[in-house]
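This report refers to the structure that appears directly beneath it.
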Amino acid sequence: QVQLVESGGGLVQAGGSLRLSCAASGIIFSINTMGWYRQAPGKQRELVAVITSVGSTNYADSVKGRFTISRDNAKNTVYLQMNSLKPEDTAVYYCNARREVGGVYKYDYWGQGTQVTVSS
């Protein structure tokens, strides 16, 4: 069965850093596009960062220059390094695995989420 397990969330003061990890199993990790999304209270889930199977990355404007997404295919793990954290970064962060072939959607999987809280 497919599992995406996030870890690394917690409480940090503004200006601090956290690194989130997502360990995947049950999929051929290296061919999947991996992403991080977040959902703050009362708001819709939004894309934070994405990294494709060939290593291309994209970021939400609100985190560009502060967050870095990376992947280690040998460990079936995707990371989100978060620096210069702000209170508005407070949210539940979710790991996503997506597979497309020739632009056609194949599947989409989600982790359970990990809480990130940034205090002022």
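The values are calculated or read from the model by the stated rules, or taken from the named source; none is laboratory data. Predicted, not measured: the structure shown is a model, and the values here were computed from it. When we count neighbours, we look across all protein chains shown, and the Cβ atoms used for this are built from the backbone with ideal geometry, even at glycine. Keep in mind that these areas ignore ligands, DNA and RNA; they rest on the heavy atoms of the full protein, side chains included. Shrake-Rupley method; radii C 1.70, N 1.55, O 1.52, S 1.80 Å.
Taking a probe of 1.4 Å, how large is the accessible area per residue of the chain, in Å²? Please list the in-between numbers first.
Working: 6340 Å² over 120 residues.
Value returned for the chain: 53 Å² of accessible area per residue.
Which value, in debye to the nearest 20, describes the size of the charge dipole of the chain about its Cα centre when Lys and Arg Cβ atoms bear +1, Asp and Glu Cβ atoms bear -1, and nothing else is charged? It would help to have the intermediate numbers written out before the result.
Details: 12 positive and 8 negative charges, 15 e Å.
For this selection, approximately 80 debye.
Given a Förster radius of 22 Å and the C-beta distance between Ser25 and Lys106 as r, what FRET efficiency does 1/(1 + (r/R0)^6) yield to the nearest 0.05? Spell out each step's value before the answer.
Details: r = 18 Å, r/R0 = 0.81.
Approximately 0.80, to the nearest 0.05.
So for the pair Lys86, Val5, with labels modelled 7 Å out along Cα→Cβ, what separation do we get in nm?
Each label point lies 7 Å from its Cα, and together they span 3.4 nm.
Please report the relative contact order for the chain, taking Cα pairs under 8 Å with a sequence separation of at least 6, and give it as a percent rounded to a whole number. The partial results should precede the final answer.
Values: 284 pairs, mean separation 41.4, N = 120.
With pairs under 8 Å counted, the relative contact order is 35 percent.
Can you figure out the FRET efficiency of Arg66 with Gln115, using R₀ = 25 Å and their beta-carbon distance, to the nearest 0.05? Write down the numbers at each step before the final one.
Numbers: r = 19 Å, r/R0 = 0.75.
Computed FRET efficiency for Arg66 and Gln115: 0.85.
Please work out the Cα convex hull volume for the chain and give it in Å³ per residue.
On the way: hull volume 12.3 nm³, N = 120.
For the chain, the hull spanned by Cα atoms encloses 102 Å³ per residue.
Filter the cross-link list Lys64/Lys106; Lys64/Lys86; Lys43/Lys86 down to pairs whose alpha-carbon distance in this structure exceeds 22 Å. Walk me through the intermediate numbers first.
Details: Lys64/Lys106 29 Å; Lys64/Lys86 13 Å; Lys43/Lys86 17 Å.
Over 22 Å Cα-Cα: Lys64/Lys106.
Among residues other than Glu46 whose Cβ falls under 13 Å from its Cβ, what is the net charge (Lys/Arg +1, Asp/Glu -1)? Numbers along the way, then the final one.
Numbers: positive: Arg38, Lys43, Arg45; negative: Asp61, Glu88, Asp89.
Net charge around Glu46: 0.
Taking the DSSP beta bridges in the chain as the whole, what percent of them are antiparallel, to the nearest 5? Spell out each step's value before the answer.
Values: 41 of 45 bridges.
Within the chain, antiparallel bridges account for around 90 percent of the total.
For the stretch 72-112, take N as its residue count and report Rg(C-alpha) divided by 2.2 N^0.38 Å.
On the way: Rg = 14.1 Å, N = 41, 2.2 N^0.38 = 9.0 Å.
My calculation over the Cα atoms of the stretch 72-112 gives 1.56.
So what are the ³J(HN,Hα) numbers for the stretch 61-76, from phi and the Karplus equation (6.51, -1.76, 1.60; θ = phi - 60°), rounded to whole Hz, Gly and Pro as x?
4, 5, 10, 4, x, 10, 10, 9, 9, 8, 9, 10, 5, 5, 9, 6
Summarise the accessible area of the chain (1.4 Å probe, protein heavy atoms) by the percent that is carbon and sulfur.
Accessible surface attributable to carbon and sulfur in the chain totals 47 percent.
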